[in-house]
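Accompanying notes for the structure given below.
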Amino acid sequence: MQTFVYQTPASVADAARAGAVDDTRFIAGGQTLLASMKLGLAAPATLVDLTKIAGLTGITVSAGTVTIGATTTHAAVAASKEVAAAIPALADLAGKIGDRQVRNRGTIGGSLANNDPAACYPAAVLALNATINTDRRSIAADDFFKGLYETALAAGEVITSVSFPIPEKAAWQKFVQPASRFSLVGVFVAKTASGPRVAVTGAGACVFRASGVEAALAANWSQGAAAGVKVSADGLNSDLHGSAAYRAALIPVLAGRAVAAA
């Protein structure tokens, strides 16, 4: 790992200014970034630590919305009685991320900013129609995830919190890749006031909505309706862990299980 400058700003504004400089990366839990640096896959000149900034950690529930601060750990979300009461599926998802070390260090903001194609949180954010709040604006989930490790965030833009509308029903199903504990395929299903939303992670370049499953559930909210949808393998991931066709077959199966669990 090469040498780097380490900064600990005391405010979001200071962090944003520091992060706007070329070759600078934000860090919170560091569960992806530090590993990438150790392997020589990333070599930022400066790391800007967000964990010292007051107000970026915590969970609040009000007016039908669960708001989670960007530096809140996965373990904190999983253990939150407020989250478990309002959106049980979200607490369930957080409790199944990685292992204990990852859950106690990794943060929701870091997961979303990194946008790993097999990360769990993006599926919940997209299916629940959440809003990603930054120091500059609020970004709808449908507009946030752009592609492989790509988001709508601009240089120096800091995620401050994520706001989740409380759904009528929701559930999460994860087919685990046992070595990494990432999702080979993960499906989050939510029944919202505007209709069903189904988000898939692990199967494509980044999280995406399964429109065919959503249409089937809009007509008939049942396990059989979801499981009966045929999903195309075109454009899906194919690797030593599973072919595109295998992943395509998993999506409706997991969606059906999620509906049953919800």
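Bear in mind that the values in this text are calculations on the coordinates, not laboratory data. Quick caveat, the model's predicted, so the values are computed rather than measured. Because the Cβ atoms are built from the backbone with ideal geometry, glycine has one as well, and the counts that use them run over all protein chains shown.
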(request) Using packing as a proxy for protection, rank 32-41, 184-193 so that the peptide with the highest average count of other Cβ atoms within 10 Å comes first. (result) 184-193, 32-41
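Could you order the peptides 2-13, 249-260, 116-127, 164-175 from most to least packed, using the average number of other C-beta atoms within 10 Å per residue? If you can, show how the numbers build up before the last one.
Details: 2-13: 13.2, 249-260: 23.1, 116-127: 26.1, 164-175: 21.2.
Peptide ranking by packing, descending: 116-127, 249-260, 164-175, 2-13.
Per the helix-only calculation at 222 nm, which mean residue ellipticity applies to the chain, given -39500 (n - 2.57) for every DSSP H run of n ≥ 4 and division by its residues, nearest 500 deg cm²/dmol? List each step's numbers first, then the result.
Details: 12 runs with 90 residues, N = 262.
So the calculated ellipticity at 222 nm is -9000 deg cm²/dmol.
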(request) Report the residue, chosen from Ser194, Ser111, Ser243, that carries the largest GNM mean-square fluctuation when the chain is represented by alpha-carbon nodes joined by springs under 10 Å. (result) Ser194
(request) Sort Asp142, Asp49 so that the residue with the fewest other Cβ atoms within 10 Å of its own Cβ comes first and the one with the most comes last. (result) Asp142, Asp49
(message) Below 17 Å, Cα to Cα, which lysines can Lys169 reach? Residues fewer than 8 away in the same chain don't count.
(response) Lys191
(request) Fewest Cβ neighbours within 10 Å first, please rank Arg247, Arg100, Arg181 accordingly. (result) Arg100, Arg181, Arg247
(message) Here are a few candidate values for semi-axes √(5λ) of the Cα gyration tensor in Å: (1) 31, 21, 15; (2) 30, 26, 17; (3) 28, 22, 17. Which one was actually calculated from the structure I just gave you?
(response) (1)
(request) Compute the Cα gyration tensor for the stretch 129-256, then decide on rounded, prolate or oblate, letting a ≥ b ≥ c be the square roots of its eigenvalues: rounded whenever a/c is under 1.5, prolate when a/b is larger than b/c in the other cases, and oblate in all that remain. (result) oblate
(request) Could you check what % of the DSSP bridge pairs in the chain are antiparallel, to the nearest 5? (result) 85 percent
(request) Please name which of Gln2, Asn220, Val231 has its Cα lying farthest along the dipole of the chain towards the positive end, using unit charges on Cβ (Lys, Arg +1; Asp, Glu -1) and the Cα centre as origin. (result) Asn220
